1. Condition first: at pLDDT 95 or above, surrounded by fewer than 17 Cβ atoms within 10 Å (Cβ to Cβ) and outside any helix (DSSP H, G or I). Now tell me which residues in segment 279-295 satisfy that.
2. Please specify each residue of segment 21-39 satisfying the condition of being surrounded by 16 or more Cβ atoms within 10 Å (Cβ to Cβ) and not β-branched (Val, Ile, Thr).
3. In segment 230-240, is there at least one residue being at negative phi, assigned to a helix (DSSP H, G or I), surrounded by 14 or more Cβ atoms within 10 Å (Cβ to Cβ) and over 24 Å from the mean Cα position of the chain (by Cα)?
4. Would you confirm, using the coordinates I've provided, whether LEU249 is farther than 18 Å from GLY137 by Cβ, exposed (fewer than 13 other Cβ atoms within 10 Å of the Cβ) and out of contact with any Pro (no Cβ under 9 Å at 6 or more places or on another chain)?
5. Given the structure, is ALA256 outside the structural domain of GLY128 (by TED's automatic domain parsing), exposed (fewer than 14 other Cβ atoms within 10 Å of the Cβ) and assigned to a helix (DSSP H, G or I)?
6. Within segment 231-245, does at least one residue satisfy the condition of being in contact with a helix residue (DSSP H, G or I) (Cβ under 8 Å, 6 or more places away or on another chain) and more than 30 Å from GLU174 (Cβ to Cβ)?
7. Tally up the residues in segment 256-299 that are without any contact (Cβ under 8 Å) to a residue 12 or more places away in the chain and small (Gly, Ala, Ser), please.
8. Of all strands (runs of 3 or more DSSP E) completely enclosed by segment 109-157, which ones contain at least 3 residues that are aliphatic (A, V, I, L, M) and within 25 Å of LEU178 (Cα to Cα)?
Amino acid sequence: MTAAIDVVVPVHGNWAVTRACLHALAMQTAPHRVFVVDDASPDDTRLRLASEFPGATVIAFDVNRGFAAACNAGIAAGEAEVVVLLNNDVEADPRLLEELSDALARHPAAGSAVPLLTRPDGRVDAYGLCVDPTMAGFVRFAGATVEEATSARGHRLLGPYGAVAAFRRSALYEVGPLDEGIFMYGEELDLALRLSSEGWGTVAVPSARGVHLGGATSVRGSATQRRRAGFGRGYLLRAYGVLRGRYALRALLTEAIVCAGDLVLSRDAASTIGRWQGWRAGALAQRRRRAVPAVDRTIGFVQSLALRIGDRKA
């Protein structure tokens, strides 16, 4: 029998996308409860939620607190053993929740379950995350065909990509919630690393599908997006003590190349500034365990650079 499921949907405006997401959830085959966390939407999302989706539990922030804080509020409001974090720009296939929940039931040692997300054009958007020895995370099989993603072994699976991530609540209680020190980008990687360091496994569920509309956007983001992504990277470099370990030189060289490339292509220092800000903020983060079983040490220096520019061979 499928377990009860809590679905947490953080939103910040963009009502048309949120409506499509919630309509898809209403078609799910598994019983579930929806928690929509309105992270200070600049539009009338809150009013529309009350009128069009009265069955959803709405948690409203008066100020924009970020993705991690929104997800944590939704998780704390529920009680089901299976928790699914769902971006509002994902349209879930009807059996997505059921497949993820059943997979966790079949694999008691798994703290998370990973769906196969596609883009609107049918190509793979993400099939989970992998991580190299410098704690840099990469989306697996981005841009590949579904057949390639499901037939190839790929790099070692660390955990779910943030657009759709299923977790066992007891595992979340053991390792702690998403780190709210990261406003956006990198928090799901950190959670996957902490789950692995505490001995929790993960399970890939190719039959759990959804379309991630965000995967159709340009690879190069705004200065704000790149600064926030850089912040998350700097924060985790410090939290995991990467620059005090054997891969310090590799990490420094990689980050220098990435920042230089971003400076040339984007003509601003957003990525570099974000890393510096994240590094400083990381001084206040709780120290992480550096022994993470799911780290893929086969990802070398050159391949990690290729993965950063979107090479789908992951």
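1. PRO293
2. Selection gives CYS21, LEU22, ALA24, LEU25, GLN28, ALA30, HIS32, ARG33, PHE35, ASP38, ASP39.
3. No, segment 230-240 has no match at all.
4. Yes.
5. yes
6. no
7. Looking only at that region, the number is 4.
8. Of the strands (runs of 3 or more DSSP E) lying wholly inside segment 109-157, those with at least 3 residues that are aliphatic (A, V, I, L, M) and within 25 Å of LEU178 (Cα to Cα) span 110-118.
The values are calculated or read from the model by the stated rules, or taken from the named source; none is laboratory data. Here the structure is a predicted model, which means the values were calculated and not measured. For neighbour counting, all protein chains shown are included, and Cβ atoms are generated from backbone atoms with ideal geometry for every residue, glycine included.
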